[in-house]
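Okay, so here's the structure we're looking at.
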Amino acid sequence: MLFMNDQDRLYMGRALELAILGRGKTSPNPMVGAVVVKDGQVAGEGYHQKAGSPHAEIIALDNAGEKARGATLYVNLEPCSHYGRTGPCANAVVEAGISRVVIAMADPNPLVCGRGISYLEQRNVEVRTGVLEDEALLLNEVFIKYITTGSPFVVLKAAMSLDGKIAARTGDSRWVTGPEARSRVHVLRSLYDVVLVGINTVLADDPLLTVRLPGEKRKNPVRIVVDSLARTPVNSLVLSQLAEAPTIIATTGRAGAQKIARLKEAGAEVLVVPGDGPRVDLKWLMAELARREITSVMIEGGGEINASALESGLVDKIIWFIAPKIVGGRLSPGPVGGPGITLMAEARQIENLTVTQFGYDICLEGYLK
């Protein structure tokens, strides 16, 4: 049994490695890898490449062919048992003659949620679950949040100096971090469905918000500008470079029909968020994005949009770059604006923290408690 456990962990690790190959490409589906093992040898493997394409199990079974009969299938997520964009994988597993299935985690999708496991067991397929479950949960944190809550997974990314500044007192912010950290941000953009900024960032920095990595071609995220008064300039990069990626301007009825029409003429999609408040209702916006099957959002703005997202309780994860430089200045802005808290006991705690170095800069990643 100990030997079997070691083998199960080994091949599940391979399934997870395969699943990672789909990172940033499978939304709104999860990342899934699968390995078919027969007589101690890998007979077939595969991973889910994009929504609408064959699932990992189907690819692995096809690669294995007749060797799948009597073999063990390793997969990091419970095989589906329902018809979605593709047919149910659990049926295909049984039809291929797989005798044993090892699963890292149950599918949190209410349409599956144990039904795939039950389907296999009822047809005399041996099933083992929970192998490298923690790793599997972390890998698909975006999908789990989206499918269980109906809301996108929200990452707040910020970059600041050692003394907590995101720009000089003049507003100049190029560059807080070094080239290695900035390259990492481009990778991050490719992993999430949406990059969101506030209007102040557009006015101050005129960012392009696309993925630019030398020698690499990765998908660009949808760009969203939160702009309650529709002040986005029509010659800004997010509008003048629409061939790179679509841009949505989230505004309010206070903007006025003329300004909204001007942005539409420039090629943007204008989303008028309901409500009487002076700001765009971020909770409503996230619900609308989820309705569109947008599963993840990276906020890459300034202090005010960061504060609004935190105050709304929307942020799941922070990615915080700290550059070893001192800016100074009481008027130099910090990464979180807004009114702030009145007592230190009210501060939001970050847990499960990891620390990575990119060049001279430090990157902290963690989750809002």
Report summary line: Quick calc of log₁₀ I(q)/I(0), the range 31-140, Debye, one scatterer on every Cα, no solvent, q values 0.12, 0.14 1/Å, result -0.34, -0.46
Report task. Calculate, axis by axis, the spread of Cα positions in the range 143-187 along the three principal axes, and write the results as whole Å, longest axis first. Result -> 43, 22, 16
Requested in this report: Among ILE322, GLY334, MET105, pick out the residue whose Cα is farthest towards the positive end of the charge dipole of the chain, where Lys and Arg carry +1 and Asp and Glu carry -1 on C-beta, about the Cα centre.
Outcome: GLY334
Query raised in the report: If you plug each phi of the range 332-347 into the Karplus form 6.51 cos²θ - 1.76 cosθ + 1.60 with θ = phi - 60°, what whole-Hz ³J(HN,Hα) values come out, in order, with x for Gly and Pro?
Result: 6, x, x, x, 10, x, x, x, x, 8, 9, 10, 4, 5, 8, 4
**Report entry** Value of Rg to Rh for the range 265-304 (Rh from inverse mean 1/r over Cα pairs, i.e. Kirkwood)
**Finding:** 0.99
Query raised in the report: What's the center-to-center distance, using Cα atoms, between the range 99-150 and the range 225-281 in Å?
Result: 40
Query raised in the report: Which whole-percent values make up P(r) of the range 5-95 when all C-alpha to C-alpha distances are grouped in 10 Å steps starting at zero?
Result: 19, 53, 25, 2
Query raised in the report: In debye, nearest 20: dipole of the chain around its Cα centre with unit charges on the Cβ of K, R (+) and D, E (-)?
Result: 900
Report summary line: Along the range 167-182, Karplus-curve 3J(HN,Hα) (6.51, -1.76, 1.60; θ = phi - 60°) to the nearest Hz, with x for Gly and Pro, reads 6, 6, 5, 7, x, 5, 10, 10, 10, 5, 9, x, x, 5, 5, 5
Query raised in the report: What is the magnitude of the charge dipole of the range 96-238 about its Cα centre, with +1 placed on the Cβ of each Lys and Arg, -1 on the Cβ of each Asp and Glu, and no other charges, expressed in debye to the nearest 20?
Result: 400
**Report entry** For the range 297-361, the fraction of alpha-carbon pairs in successive 5 Å shells from zero, as %
**Finding:** 3, 12, 21, 24, 23, 14, 3, 0
**Report entry** Per residue, in Å², the accessible surface of the range 127-251 once ligands and nucleic acids are set aside, probe 1.4 Å
**Finding:** 42
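Heavy atoms only, probe 1.4 Å: what % of the accessible area of the chain goes to carbon and sulfur, would you let me know?
Answer for the chain: carbon and sulfur cover 52 percent of the accessible area.
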Query raised in the report: Taking a threshold of 29 Å on the Cα-Cα distance, which of the pairs LYS25/LYS317; LYS283/LYS325; LYS259/LYS369; LYS67/LYS219 fall above it?
Result: LYS283/LYS325; LYS259/LYS369; LYS67/LYS219
**Report entry** the chain, helix-only ellipticity at 222 nm - DSSP H runs n ≥ 4, -39,500 (n - 2.57), divided by all residues, nearest 500
**Finding:** -8500 deg cm²/dmol
Query raised in the report: When only alpha-carbon atoms count, how far does the range 227-350 stretch along each of its three principal axes, as whole angstroms with the largest first?
Result: 46, 30, 27
Query raised in the report: Using the eigenvalues of the Cα gyration tensor, what equivalent ellipsoid semi-axes result for the chain when each is taken as the square root of five times the eigenvalue, whole Å, largest first?
Result: 43, 23, 18
Query raised in the report: Dipole magnitude of the range 170-263 about its Cα centre, charges +1 at Lys/Arg Cβ and -1 at Asp/Glu Cβ only, in debye to the nearest 20?
Result: 160
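Can you order the peptides 60-69, 301-310 by their average number of other Cβ atoms within 10 Å per residue, highest first?
301-310, 60-69
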Query raised in the report: Stokes-Einstein D for the range 153-286 at 20 °C, 1.002 mPa s, Kirkwood Rh over Cα pairs, in µm²/s?
Result: 135
Requested in this report: Would you mind pulling out the separation of the Cα centroids of the range 203-220 and the range 41-56, in Å?
Outcome: 29
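The values are calculated or read from the model by the stated rules, or taken from the named source; none is laboratory data. Predicted model only: the values in this text are computed from it and were never measured. Quick reminder, even Gly has a Cβ in these numbers, built from the backbone with ideal geometry, and neighbours come from all protein chains shown. Protein only, heavy atoms only, side chains kept; ligands, DNA and RNA dropped before computing areas. Shrake-Rupley method; radii C 1.70, N 1.55, O 1.52, S 1.80 Å.
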